[in-house]
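Accompanying notes for the structure given below.
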Amino acid sequence: MEKNKEILFTGSDTEGGITSGYQMNDGVPLKVPYSFFGSIYDEEEERAVKVAMAQESQTMGPQVTLFQREFAKIFEVKHAMAASNCTTAMHAATQAFGIGKGDEVIVTPNTFIATSLVILKEGAKPVYADIDPLTFNIDPKQIENKITPKTKAIYVVHYAGQMCDMDPIMEIAKKHKLFVLEDCAHAAGSKYKGRPAGSIGDVGCFSFHSLKNITTLGEGGMITTNSDDLADKLQRMRVMSITHWNPGQTKFEFAGFKMEKKSVKDYWLPSHFDVINDNGKWGCNYRMNESQAAVGRAQLRKLDMLINKRRENSHYLNEGIKKIKGVRPVFEDPNCYHAFHLYTLLIKGNELGASRDDFMRVLYQEEGIQGIQHYQPNYHFTGLKKMYNYPDKLCPVAENFFYNEHTSLPMNPRLTKADLDMIIEGVRNTADKLRK
């Protein structure tokens, strides 16, 4: 092999498979592929990484502190705590809520497996409530009849960047004394009645994965809360249950070893930190490093620009697609400011005279536009079915949405007008071919 020659890998070659790229290597020539990078990097991010690399502290240092402070201000919350990704953020929150074996958590079936996984990891059962057919978010009307004496929380997901109908959800939670977690993986830049994602529930959890509206070198997350008590627990859950020794304590004895602090400068006594558990919950290493946080700060400064580009792109697609028979553009809830992490196209088979899968095949193979599916109802995964034997047709709206109606068209802030025109033309041509 030639020395220093760059090796390029595609999605099917990489360790993560479909979680690290969407290239299929099947010989189909694509006009507009589905990009696995959802943001824009330039010299600002490069400078930020160089600054972080020059520091002595490389993890949970000044860049993380500033990123948290700036994030809390923009998202209008009291506390923001960086994490290694959204999954670990949600796991820390699940532990802070005290959720455990025998408990139930009401959750949407229309989500990445991570939202269910953090419930399962604590021994609790995900209880799935069906979705609204217009927004594809959990339907508040379907939540209350799922509540039992075992229910401890409601986990909502702001699908595609359009926030859930939070007011009735919070009313239900208050009535039944339940925690509410906002899975904001899609929702950086989203608002509900003027309130930012992650500022309404007890805890919000954000993703900075490479696909998301802002990204911190491929992975990263943030936890938000306005609760001092939850913030105290969350700090420990994300950093191995570590805390400080009682600052007022000056005398210590361990296994016959006696020590006494003579000065506040005796930082080494009795040791550098203490470790406690929170009602039997133990934390883990869910930290963010300094380079990620530095890039996150640069991305925060671009957030408005990035969301505006997504919205402009999506509105252009809506306008171009709305008159094509057999397909439906994105519905926008007037109560919400849609961040368009995803652009969800609905295919109406009865109007088209063909199935969603027929549509995707022609769109991909003949028109060169790559659609992606989000998300299979979580209770259909083998592991969950084995564990809880969920019944068929548990959430019929979510099942019809995933299996029969939707695909996600390419959406990112780097799409050009030519890209958007090719997407519209591809959708129109596909519909025309299938109708004939």
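Some notes on this structure:
- Contact map, the stretch 354-370: residues that are within 16 Å of ASN400 (Cα to Cα) paired with residues that are assigned to a strand (DSSP E or B) and of a type in the set (A, V, I, L, M, F, W, C), Cβ distance under 7 Å, separation 6+ or inter-chain. Pairs shown: ARG356/ILE347; PHE359/ILE347.
- Being crowded, with 18+ Cβ neighbours inside 10 Å and over 14 Å from GLN299 (Cα atoms) holds for only one residue in GLY221, GLY204, and it is GLY204.
- Screening the candidates LYS309, LYS325 for the property of being assigned to a helix (DSSP H, G or I) and touching a Lys or Arg at 6+ places or on another chain (Cβ under 9 Å) yields one hit, LYS309.
- Residue in the stretch 77-91 that is over 27 Å from ILE307 (Cβ atoms) and modelled with pLDDT of 95 or more present: yes
- Any chance TYR379 is over 25 Å from the mean Cα position of the chain (by Cα), modelled with pLDDT of 95 or more and either in a loop (DSSP other than H, G, I, E, B) or of a type in the set (Phe, Trp, Tyr) (or both): no
- Hits in the stretch 215-231 - residues which are in contact with a strand residue (DSSP E or B) (Cβ under 9 Å, 6 or more places away or on another chain) and not in a strand (DSSP E or B): THR215, THR216, LEU217, GLU219, GLY220, ASN226, SER227, ASP228, LEU230, ALA231
- Filter pass, ASP392 being out of contact with any Asp or Glu (no Cβ under 7 Å at 6 or more places or on another chain) and at pLDDT below 95: yes
- Among the candidates GLY98, GLY102, GLY123, the residue that is assigned to a loop (DSSP other than H, G, I, E, B), surrounded by fewer than 24 Cβ atoms within 10 Å (Cβ to Cβ) and touching a Lys or Arg at 6+ places or on another chain (Cβ under 6 Å) is uniquely GLY123.
- Of all residues making up the stretch 280-327, the number that are basic (Lys, Arg) and without any contact (Cβ under 8 Å) to a residue 40 or more places away in the chain: 3
- Matching residues, the stretch 55-78, being in a loop (DSSP other than H, G, I, E, B), in contact with a Lys or Arg (Cβ under 9 Å, 6 or more places away or on another chain) and over 30 Å from GLY194 (Cα atoms): MET60
- Within the stretch 328-346, the set of residues being without any contact (Cβ under 8 Å) to a residue 60 or more places away in the chain and surrounded by fewer than 20 Cβ atoms within 10 Å (Cβ to Cβ) comprises ARG328, PRO334.
- Candidates ALA298, ALA339, filtered to the one that is part of a helix (DSSP H, G or I) and either of a type in the set (Lys, Arg) or closer than 30 Å to ALA52 by Cβ (or both): ALA298
The values are calculated or read from the model by the stated rules, or taken from the named source; none is laboratory data. Just so it is clear, the structure is predicted and the values come from calculations on it, not from any experiment. Don't worry about glycine lacking a Cβ; one is built from the backbone with ideal geometry, like all the others, and counts go over all protein chains shown.
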